[in-house]
Amino acid sequence: MKPVFILLTLIGILLALAGAVFTLQGSGVVGPQSSLMFDSATWVYQGVVVAAIGLLTLSAGLVLGRKRKATA
């Protein structure tokens, strides 16, 4: 069984990357112009929220990983 901190770290990275993509598509920087997400303020806000949740999850995973190493 893998430790929880590895899972939290991976989920955090994926969420942060997804949030960044959502934000960039919502800003009209990347993606096809035919996309519903392209140049839409809603996706910019949602992308920032998803990225923030991802960074918090990533931070929690890293903190748990450091605590585990310190007690080992």
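Restricting the stretch 55-71 to residues that are modelled with pLDDT of 95 or more and farther than 9 Å from THR9 by Cβ, which is farthest from the chain's Cα centre (by Cα)? Here the residue is SER59. Summed over the stretch 6-31, residues that are over 27 Å from VAL63 (Cα atoms) and either hydrophobic (A, V, I, L, M, F, W, C) or surrounded by fewer than 14 Cβ atoms within 10 Å (Cβ to Cβ) (or both) total 3. Screening the stretch 32-62 for residues that are assigned to a helix (DSSP H, G or I) and without any contact (Cβ under 8 Å) to a residue 24 or more places away in the chain and picking the one that is surrounded by the fewest Cβ atoms within 10 Å (Cβ to Cβ) gives ALA41. Does PHE38 qualify as being more than 25 Å from VAL4 (Cα to Cα), of a type outside the set (Ser, Thr, Tyr) and in contact with a Pro (Cβ under 8 Å, 6 or more places away or on another chain)? So PHE38 fits the description; yes. Considering the stretch 17-31, the residues that are small (Gly, Ala, Ser) and in a loop (DSSP other than H, G, I, E, B) include one that is farthest from PRO3 (Cα to Cα), namely GLY28.
The values are calculated or read from the model by the stated rules, or taken from the named source; none is laboratory data. Computed from a predicted model, the values in this text were never measured in an experiment. Virtual Cβ from ideal backbone geometry, glycine too; neighbours counted across all protein chains shown.
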